[in-house]
């Protein structure tokens, strides 16, 4: 059971994959969930299933690099800043950032995405060191692989090649449950068949 002080959660960039799994697992734990997305109307089935509150949120800019940095890093900063302000008086809470393979290694043709994700990882590191002594657990989750969704299914020639969003959500819940004496600031998740 989740610590009773965890009462609310905000999921930014909500959709039908990992964020939907997180919304379901958190509401099953008795946590009220808010979902922020560019088009909150697309979240209607999830809202009905979980009782989550939908909000419109778009942090994008014109240029591709500006957009990647604005959405990943600056958007993450703005949301985390407001969350931390609300958690600090209670000296309790968790801020979990979702990264990607590009958070720790750049790939050809992915510079804008990598720039945003590298910056988000740096933000998570800094916030973890600053806020941990004040009772707020900050962690970064590297998702090193594709996530199964309604639009993205495993191919017959590549079984078990996509991460199950429900399994990822269980790992996030584990981060929330970690005792103060054994907090981690980062975990990496990948399908067991991933070559690395």
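The values are calculated or read from the model by the stated rules, or taken from the named source; none is laboratory data. Source: prediction; values computed, not measured. Because the Cβ atoms are built from the backbone with ideal geometry, glycine has one as well, and the counts that use them run over all protein chains shown.
Some points to look at:
- Filtered residue count, the stretch 63-96, keeping only those that are touching a residue at least 40 places away in the same chain (Cβ under 8 Å), part of a loop (DSSP other than H, G, I, E, B) and on the phi < 0 side of the Ramachandran plot: 1
- Selection of the stretch 179-193 for residues being surrounded by 14 or more Cβ atoms within 10 Å (Cβ to Cβ), outside any strand (DSSP E or B) and out of contact with any helix residue (DSSP H, G or I) (no Cβ under 8 Å at 6 or more places or on another chain) yields 190, 191.
- Taking the stretch 99-123 as the range and being out of contact with any helix residue (DSSP H, G or I) (no Cβ under 7 Å at 6 or more places or on another chain) and either assigned to a helix (DSSP H, G or I) or buried (at least 23 other Cβ atoms within 10 Å of the Cβ) (or both) as the test, the residues that pass are 101, 111, 122.
- Test for residue 43: is it at pLDDT 90 or above, under 13 Å from residue 13 (Cα atoms) and not in a strand (DSSP E or B): yes
- Scanning the stretch 147-156 for residues that are touching a helix residue (DSSP H, G or I) at 6+ places or on another chain (Cβ under 8 Å) and free of Cβ contacts under 8 Å to residues at least 40 places away in the same chain yields nothing.
- Any hit, the stretch 132-146, residues being outside any helix (DSSP H, G or I) and without any contact (Cβ under 8 Å) to a residue 12 or more places away in the chain: no
- Some residue of the stretch 54-63 being surrounded by 14 or more Cβ atoms within 10 Å (Cβ to Cβ), modelled with pLDDT of 85 or more, in contact with a strand residue (DSSP E or B) (Cβ under 6 Å, 6 or more places away or on another chain) and closer than 30 Å to residue 5 by Cα: yes
- Verdict on residue 149 being closer than 21 Å to residue 25 by Cα and part of a loop (DSSP other than H, G, I, E, B): yes
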